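Each value in this text was obtained by applying a stated rule to the coordinates, not by laboratory testing. Keep in mind that what you see is a predicted model, and the values were worked out from it rather than measured. FYI the Cβ positions are ideal-geometry reconstructions off the backbone, even for glycines, and counts take in every protein chain you see.
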Amino acid sequence: MKHHESSNELQEKAMLYAIGALPEEERRDYARHLEEDGCAVCISENLEFQNAAQSLAMGLPSNTPSGAVKERLMAQVRAEAGTNVFRVAPPSRNFWYWAEKLVLAAAVVLLAITATINSGLRRDVGTLTSRLVELEDRVRRDGVTLATLTSPEVRVVNLAGQGVTPQARARIFWNETDRVWLLYVTGLPPVPQDRDYQLWFVPQRGNPQSARVFNTNADGSAMLEIPVPAGATDFMAAAVTTEPAGGLPQPSGAFVLLGAD
Amino acid sequence: MSTEDQADNDQDLLRRMASKDAQALELFYDRYYRVAFALVIRIVRVRQEAEDVLAEVFWQVWRQSGRYTPSRGKPLSWLLTIARTRAIDSLRASNRRPQADSNEMDAPSRVPQEDPSAQASTRIAISRCLELLSREQRVPLEMAYFEGMSHSEIAGALNQPLGTMKDRIRTAMTTLRKCLKPREASA
């Protein structure tokens, strides 16, 4: 689809694309839009922001690689060209001349193929190592969660939906030893960009204390690990309100979740 | 040579590369290997890996020169896009998150050393534009560009709401765009 005029939304997308900050799926869609739809508005926006993004690279201090990089590159190019030459050259030389050239070219091609395979294997090892570290991290986090959920010292606070979100539910697992809350939310639709949800710790005396600003996933769920606010000892209740993006020092919006110990 | 003339000249080199003219690749490499290497090593941080990536970048330029169109930006922009993508792929494959040292994060981007391949005045002008950014604006920009993080990942890493993060990136990019525009117009 081609756009007829620019808008804030299109500018934001072009800007995030140029700087590389679009999530992968959106990046692919936008790149396809630029490549295939021929949208002059978006191409123009993209080129302008691309110049701005490029300035980050152009502002870096100059750095010089080893001369071997260029040598390797040009050898690879010559090897590729060499195989083409052999296909088209007239057979005017003797057998040994061509045999020698052929062996040389084969050796260069073999070297290039070996280098490519080696590079591919190194990349595979890197990817697998990355995946292993990611899984180890997930196991560690799941271990912490399990320990919290099964601890005899854990207190559970159920929060029920209020007002316009009666279907929402949340549960806080309060590990008093480690001073951590695990908050699980379901059925709470995400708020728009200019709003956030804000979790409040409500003490017996005094004003509510902000515990965390958050938003829910597209399916209305959220799972958060929250350090218990300093001085939070005389807990009476916990609540979630909707607030302007970034949250406020004190609650101003309607309660969407509320629960007591 | 103005930047427009340079871009035309670069496009000519890419056309020659598409016709398998190795000398054109050599000229293109000599012109831009420093700026491309500065970007790659800033991302991957390890010299040997950065050199491997640099060779892959120019090999990709050589193989894909026939696919280049001006709608992708100037040849230098196209090259830097390839270099950034390759470097971030390499970084992810090696499972290293670049640990930008605090000096580098705190100080405005430095004026580059003398580089015979680029117009010094252009690069000094760019450095001055980068100095217009506050640290709060520059950090998310660098996390996106040099570390390949999406806006939501940056918001999470900096413990800031997504809207705030987008605002900072927008302000920074708009500042750079405005600052760079007069230079492009006069080129």
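Overview of values
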item: In Hz, Karplus ³J(HN,Hα) per residue of the stretch A:187-204 (6.51, -1.76, 1.60; θ = phi - 60°; x = Gly, Pro); result: x, 10, x, x, 8, x, 4, 7, 10, 9, 8, 10, 8, 10, 9, 9, x, 4
item: Sequence-distant residues sharing a close amide H with A:T216 (under 5 Å, placed H); result: A:V191
item: Average beta-carbon neighbours from other chains, 10 Å sphere, peptide B:24-36; result: 3
item: Distance (nanometres) between label positions extended 7 Å along Cα→Cβ at A:E134 and A:E25; result: 1.6 nm
item: Protection proxy ranking of B:38-45, A:101-108, B:14-21 - average other beta-carbon atoms within 10 Å, highest first; result: B:38-45, B:14-21, A:101-108
item: Cα→Cβ-extended label distance, 7 Å offset, between B:T85 and A:K2, nm; result: 2.5 nm
item: Candidates A:N51, A:N215, A:N158, ranked by Gaussian network fluctuation over chain A, Cα under 10 Å, top entry; result: A:N51
item: Shielding by partners - mean other protein chain Cβ count within 10 Å, residues of A:126-132; result: 4
item: The protein assembly as shown: C-alpha gyration tensor shape, a/c 1.5 cut-off, then a/b vs b/c; result: prolate
item: Residue among A:Q50, A:Q250, A:Q162 with the largest mean-square fluctuation in a Gaussian network model of chain A, springs linking Cα atoms under 10 Å; result: A:Q50
item: Long pairs among B:K20/B:K74; A:K2/B:K166; A:K70/B:K181; B:K74/B:K181; A:K70/B:K74; A:K70/B:K20, criterion Cα-Cα beyond 27 Å; result: A:K70/B:K181
item: Shielding by other protein chains, B:59-65, mean Cβ within 10 Å; result: 2
item: Theoretical FRET efficiency, 1/(1+(r/R0)^6), r = Cβ-Cβ of B:R15 and A:R78, R0 25 Å, to 0.05; result: 0.75
item: Selected from A:L34, A:L199, A:L135 as most flexible by GNM, with chain A as the system and alpha-carbon contacts under 10 Å; result: A:L34
